Amino acid sequence: CDTYHHVFYVKEASYTRLCGTKKMMTVNGQFPGPTLYANRGDELVITVFNYAQENVTLHWHGVRLPRNPWSDGPEYVTQCPIQPGSSFIYTVTFTDEEGTLWWHAHSDYSRATVHGAIVIYPRRGTSYPFPKPSGEVILILGEWWKRDVSAVLETARETGADPTPSDAFTINGQPGDLYPCSKPGTFRMLVEPGKTYLLRMVNAAMEDALFVSIAGHLLTLVGSDASYTKPLTSDYILISPGETMDFLLTANQSPRNLYYMAARALSYEPVNNFDTTTTTAIVQYKSQYTSWSTNPLLPSLPFYNDTEAASKFAFSIRSLASTNWPINVPKRFDQRMVITVSVNEFECPPGSCQGPNGTRLASSLNNMSFVNPSIDILEAYYKGINGAFDTNFPSRPLYYFNFTAEYQPFALLKSRLATEVRILEYGTTVEMVFQGTSLVTAENHPMHLHGQSFYVVGWGFGNFNEEKDPLGYNLEDPPLKNTFGVPTNGWLAVRFTAYNPGVWFLHCHLERHLISGMDTVFIVKNGVDPGEKLLPPPPHMPPC
Ligand code: C2O
Ligand code: CU
C-alpha cells in the first residue's frame with residue numbers, strides 16, 4: 001500500500017461558456033477539477049487550502065473511509081466548513097473500492113463547479129475482470145448556470161421556490177454543439193477502429209438524472225459505484241446525480257462518420273420546470289478525414305418522462321461475483337426502516353413565497369426536514385455535547401402515503417423541521433425501504449448513503465407491500481451501490497450491515513432536496529474490538 005500527497009487550492013477562476021464569462025469556485029483553477037488516481041489499497045492525503053470567498057468542504061463520494069468519518073466532508077455533519085483563508089487535511093483510503101468514483105464540494109451549492117473524478121485501479125498484481133481496454137476516457141456530466149451558483153441558491157432560499165433550472169448540461173465541462181458559442185470547445189473522444197475503450201462516467205449534475213446514448217454504438221456496463229457488474233449491454237443508459245458507471249465501448253462503426261454522445265434530463269415535471277436542453281460530445285475515429293462528414297449523427301434518447309425506460313435500465317444492473325469480488329448480500333435483517341421520501345409545502349404570508357401556489361418548498365424523510373446543527377454532529381457525538389441533534393429519527397413514517405387512496409392526509413404536505421438522527425449498534429443489518437410519495441411533484445430521488453454501500457434488493461411502482469414484496473427480492477446478485485434512484489411513483493429496498501463506526505449522512509443527491517431537508521444521519525456505534533472503533537480526530541478540525 002502506498003501513500004500519495006496532493007494539494008488542492010480552492011480558488012476562483014474565470015470560465016467562458018454560453019457566450020458569457022463568470023468567476024467561479026474551482027480546485028487549482030481547473031473545471032472539472034483534477035482527477036485523483038490510486039490503486040485499491042492505497043492512501044491519498046489531500047491538503048485543501050481555501051483561497052476562495054466562501055466556505056467549502058470536500059467529500060470523497062462512495063469511499064467508505066473505515067472508522068474515519070473525520071475525512072468524509074459534509075458540512076455540519078462530519079466537520080465545520082473550511083473558512084476562507086484556512087486549510088484542512090483529508091486522509092482517504094481505498095479498501096473496498098475498485099473502479100470510478102468522484103470527489104465534490106459538500107457545502108451549499110458549490111459542488112456545481114467544485115468536483116472531479118477518482119480512478120481506483122485494481123490492487124497491484126491483479127487486473128480487471130474483463131479484457132484490458134485499449135484506452136480509458138473520463139466523462140464527467142455536469143450542469144452550467146450563466147449566473148453565479150451561490151446567487152442561484154440565494155434566490156431559491158429567499159423565494160422558497162426550487163433553484164432556477166440550469167442553462168446547459170455539460171460533458172467534461174463543455175455544453176457541446178447544440179448550444180450557442182459552444183462548438184469550438186465540444187469534447188472529442190478519439191478512437192481507433194476495432195479497439196475497445198473503458199469509459200468512466202460520473203454524473204456530477206446538480207438536479208437531474210440523465211439519459212445518455214452514443215449514435216450507432218452500444219455501451220456495455222461493467223461497473224458502477226466502484227463495484228463490478230455483470231456485463232450489461234444497452235443502446236442508452238440512465239445515470240443519476242452521484243452515480244458513477246464504467247462502460248466498454250467498441251469502435252466498430254464506419255470510421256467515415258462522426259458520432260454524437262448525447263445526454264438529456266429524465267424528468268416528470270412540466271417542461272418549464274427543468275433544463276430540457278441536450279449536451280453532446282463527439283466520438284471521432286482517428287482515420288477520419290473531417291471533410292468526409294461534418295454533421296455528426298445524433299442518437300435517439302428516451303423521452304424525458306419515460307420512467308419505464310429509466311427503470312428498465314436501472315433495474316437490469318447485477319453484481320459480478322468474482323474471486324476478488326465476493327457478493328455478500330445480507331440474507332436476513334435486524335431492522336426494517338420504511339422511509340417516506342417527500343417534497344413538502346409550507347404556507348407563507350400572501351405574496352412572500354414563490355413555491356407552488358405561493359408556498360415555500362421543503363423536502364423530507366419520514367416527514368422530517370433536516371436542519372443543519374450549529375456544530376457538526378460528529379464532533380458533538382464524539383465529545384458528548386448535548387443539544388446539537390435528536391436521536392429519534394423514526395423507523396416508520398408518521399403519516400403513510402397511499403398511492404391508491406382517494407384522500408391524502410393533509411398533514412403529509414407539511415414536515416417538521418428538526419435534526420433527527422438514528423443510532424445503529426455496530427454490526428446491525430438494516431433494510432431501508434424508501435417510499436416515494438409524489439405529493440407535490442413526482443420525481444426519481446437518487447438516495448445516497450455515506451460510509452458504506454448497500455445492496456439494491458427490491459423495487460416496485462405504487463405502495464410497498466410488507467407481506468408480498470419481499471418475496472420478490474433479489475438476494476443472489478443485486479448491485480452494490482452508494483447511490484440509487486427511488487423510482488418515480490414507487491419504492492426501493494436496500495440492505496447493508498453497519499460495520500463502519502462513525503457519523504454518516506443519508507440524503508437525496510438532487511441538490512435542491514439535499515439543501516431543503518431530504519436528509520438524515522446514521523450514527524454507527526463502536527464495536528468491541530479495537531479495530532471496530534472510531535479513530536480519534538486529526539489534530540486540526542476546522543472550528544464552526
Ligand atoms: Cu455525493 Cu453527500 O454526497
Ligand atoms: Cu430528491
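Taken together, the values in this text are just the output of simple stated rules run on the coordinates, not laboratory data. Worth saying up front: this structure is predicted, and the values here are computed from it rather than measured. A quick note on method: Cβ atoms are made from the backbone with ideal geometry, for glycine too, and the neighbour counts reach across all protein chains shown.
A few notes on this one:
- Only Lys, Arg, Asp and Glu carry charge here, each on its Cβ (+1 for the first two, -1 for the last two); on that basis region 69-144 has a dipole of about 300 debye about its Cα centre.
- Percentage relative contact order, the chain, counting C-alpha pairs under 8 Å, at least six apart: 15 percent
- Of all DSSP-defined beta bridges confined to region 406-544, some 90% are antiparallel rather than parallel.
- When each of 468/525; 331/383; 312/468; 11/383; 146/414 is checked by Cα-Cα distance, pairs over 24 Å: 468/525; 331/383; 11/383; 146/414
- The mean sequence separation of alpha-carbon pairs under 8 Å and at least six residues apart, normalised by the residue count of region 207-292, gives a relative contact order of 32 percent.
- Taken about its Cα centre, region 1-127 carries a charge dipole of roughly 280 debye when the Cβ of each Lys and Arg holds +1 and the Cβ of each Asp and Glu holds -1.
- Put in line by how crowded their Cβ is, counting other Cβ atoms within 10 Å and starting with the fewest, 189, 261 read 189, 261.
- Counting DSSP beta bridges with both ends in region 103-211, the antiparallel % (nearest 5): 50 percent
- At an R0 of 22 angstrom, the distance between the Cβ atoms of residue 5 and residue 150 translates into a FRET efficiency of 0.15.
- Counting neighbouring Cβ atoms within 10 Å and putting the fewest first, the residues 267, 415, 14 line up as 14, 267, 415.
- Label-point separation, residue 357 to residue 404 (7 Å along Cα→Cβ), nm: 2.6 nm
- Prolate/oblate/rounded label for the chain (Cα gyration tensor, a/c 1.5): rounded
- Top positive-direction residue, dipole computed over region 335-532 with Cβ charges, set 409, 442, 522: 409
- Shape category assigned to region 335-532 from the gyration tensor of Cα positions, a/c cut at 1.5: oblate
- 14 Å Cα-Cα reach of residue 132 towards aspartates and glutamates, excluding residues that sit fewer than 8 places from it in its own chain: 246
- Peptides 361-367, 530-536, 90-96, 7-13 ordered by packing proxy, namely the average of other Cβ atoms within 10 Å per residue, highest first: 361-367, 90-96, 7-13, 530-536.
- Whole-angstrom gap from region 341-371 to region 210-254, using each part's C-alpha centre: 37 Å
- Virtual spin-label span in nm between residue 95 and residue 47, 7 Å along Cα→Cβ: 2.7 nm
- Here the chain carries DSSP beta bridges of which approximately 70% are antiparallel, counting only pairs with both residues inside.
- Annotation: peptides 17-26, 316-325, ranked by per-residue average of other Cβ atoms within 10 Å with the highest first, follow the order 17-26, 316-325.
- By the Cβ rule of 4.7 Å, the chain holds the following cysteines without a possible disulfide partner: 1, 508.
- Comparing 27, 65, 38 along the charge dipole axis of region 6-97, the residue lying farthest to the positive side is 27, per the Cβ-charge model.
- Ordered by the number of other Cβ atoms lying within 10 Å of each residue's own Cβ, fewest first, 72, 2, 162 fall into the sequence 2, 162, 72.
- The distance from the alpha carbon centre of region 27-62 to that of region 139-174 is 21 Å, rounded to a whole number.
- Cα gyration tensor shape of region 130-320, rounded if a/c is under 1.5, else prolate or oblate by comparing a/b with b/c: oblate
- Student exercise, the chain dipole from Lys, Arg, Asp, Glu Cβ charges, in Debye to nearest 20: 1000 debye
- Charged neighbours of residue 460, selected by a Cβ distance under 15 Å, balance to -3 (K, R count +1; D, E count -1).
- A crude spin-label estimate for the pair residue 329 and residue 272, with each label 7 Å from Cα along the Cβ direction, gives 4.6 nm.
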